[in-house]
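Enquirer: Dumping the structure here so I can ask a few things about it.
The values are calculated or read from the model by the stated rules, or taken from the named source; none is laboratory data. What you see is a predicted model, and the numbers here were worked out from it, not measured in a lab. All Cβ positions, even for glycine, are placed from backbone atoms using ideal geometry, and neighbour counts span all protein chains on display.
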């Protein structure tokens with residue numbers, strides 16, 4: 001018998017890993033009524049871990065520290081929800097006046113379209129009714145698929161705090177489970193992978209909360225500068241919609257734009273609201289988030305969008321929120337598995353060398369597909385010979401530079417001594 005372990009082909013190992021991944025996604029879809037509260041609980045417990053550890057250092061006890069952390073989280077979420085609902089009720093009191101102004105604006109728009117393009121108003125109304133009915137039916141289906149039954153909502157409200165408490169209280173117990181489950185893997189590698197997952201998820205969550213606060217202030221300042229009422233409500237609501245990556249701020253700009261269209265005399269206020277929110281989104285995506293979150297959550301935008309779409313297909317609105325931290329966790333796991341390391345590389349962000357003008361040539365040379373080109377042109381060489389001191393010895397100094405290579409550092413010339 002050969003003592004060496006049996007080595008399987010890479011294609012077989014890759015196929016088995018992909019099949020396991022597909023089976024895992026199927027299981028997740030079937031058990032989503034329990035899995036979604038558990039995933040949200042994992043995110044909440046990771047974000048509450050620094051608070052729980054701080055309370056434990058005050059010698060409050062691990063159980064009491066976990067309970068108090070969960071209660072603080074519930075209080076914060078309840079306060080934000082109360083603010084949104086309270087402001088919505090206040091705005092709803094003026095709903096009749098706002099609706100009348102919106103209808104007058106729509107009527108003026110219909111008259112302009114009829115005079116400009118010659119489209120009868122009756123045809124426009126029929127198209128609007130048809131599109132409205134389709135939108136209503138689709139919205140009903142989306143709401144049903146997203147939120148499910150009332151029982152699932154109540155179960156989620158109860159299960160998420162309960163799961164969060166046990167995840168905080170039993171965190172060391174769960175860590176030892178991973179050591180036992182992966183005995184064949186070096187324990188240091190298991191520990192490093194768990195620490196990386198924690199760092200990535202916490203960086204994403206804390207960075208997201210910080211960015212949401214900054215975006216809320218920027219949105220509110222812009223709305224106040226334009227004289228839009230309920231600026232804090234609309235600015236905060238748009239920042240909360242950042243839980244839906246890439247599309248949250250754009251969706252959040254629709255409500256204040258409609259409100260500005262209703263309460264202001266000019267439609268340019270609505271245009272200004274949308275323009276300002278797009279500026280804020282640009283600042284958030286290119287300046288704020290990269291500097292706050294940093295490089296720990298390294299997911300390229302293409303894979304992020306695909307993950308968001310797949311998450312929405314699997315779990316609805318919850319999947320949109322969970323997509324990015326879930327994919328960031330998968331990337332850490334893939335990076336730790338040799339057979340899946342290529343997919344971890346695919347999820348991550350490209351390096352600078354991948355985005356340069358001559359990146360293809362550099363890549364082919366890096367992997368040995370092509371050799372580094374050499375210049376075929378003649379190169380002049382300056383030769384200095386000294387035969388005065390020792391007549392039978394000649395010293396030659398030269399410097400050779402190829403056009404396709406980088407210039408060498410001027411630290412000294414190569415010397416070759418040859419006997420004549």
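Enquirer: Taking residue 242, is it more than 18 Å from residue 39 (Cα to Cα), out of contact with any strand residue (DSSP E or B) (no Cβ under 6 Å at 6 or more places or on another chain) and surrounded by 14 or more Cβ atoms within 10 Å (Cβ to Cβ)? Working first, answer last.
Expert: On the way: more than 18 Å from residue 39 (Cα to Cα): yes; out of contact with any strand residue (DSSP E or B) (no Cβ under 6 Å at 6 or more places or on another chain): yes; surrounded by 14 or more Cβ atoms within 10 Å (Cβ to Cβ): yes.
For residue 242, the condition - more than 18 Å from residue 39 (Cα to Cα), out of contact with any strand residue (DSSP E or B) (no Cβ under 6 Å at 6 or more places or on another chain) and surrounded by 14 or more Cβ atoms within 10 Å (Cβ to Cβ) - is met.
Enquirer: Residues being over 14 Å from residue 302 (Cα atoms) and without any contact (Cβ under 8 Å) to a residue 40 or more places away in the chain: count how many of those fall in the stretch 320-330.
Expert: Residues in the stretch 320-330 being over 14 Å from residue 302 (Cα atoms) and without any contact (Cβ under 8 Å) to a residue 40 or more places away in the chain: 1 in total.
Enquirer: In this structure, does residue 301 turn out to be surrounded by fewer than 16 Cβ atoms within 10 Å (Cβ to Cβ) and either at pLDDT 85 or above or farther than 30 Å from residue 109 by Cα (or both)?
Expert: Against the criterion (surrounded by fewer than 16 Cβ atoms within 10 Å (Cβ to Cβ) and either at pLDDT 85 or above or farther than 30 Å from residue 109 by Cα (or both)), residue 301 qualifies.
Enquirer: Being touching a helix residue (DSSP H, G or I) at 6+ places or on another chain (Cβ under 9 Å), over 25 Å from residue 352 (Cα atoms) and either without any contact (Cβ under 8 Å) to a residue 60 or more places away in the chain or in a helix (DSSP H, G or I) (or both): is that true of residue 334 here?
Expert: no
Enquirer: While we're on this one: Working carefully through the options 217, 160, find the one that is surrounded by 13 or more Cβ atoms within 10 Å (Cβ to Cβ), free of Cβ contacts under 8 Å to residues at least 60 places away in the same chain and part of a helix (DSSP H, G or I).
Expert: Among 217, 160, only 217 is surrounded by 13 or more Cβ atoms within 10 Å (Cβ to Cβ), free of Cβ contacts under 8 Å to residues at least 60 places away in the same chain and part of a helix (DSSP H, G or I).
Enquirer: So, one more: Looking at the stretch 315-333, can you tell me whether even one residue there is modelled with pLDDT under 80 and surrounded by fewer than 18 Cβ atoms within 10 Å (Cβ to Cβ)?
Expert: no
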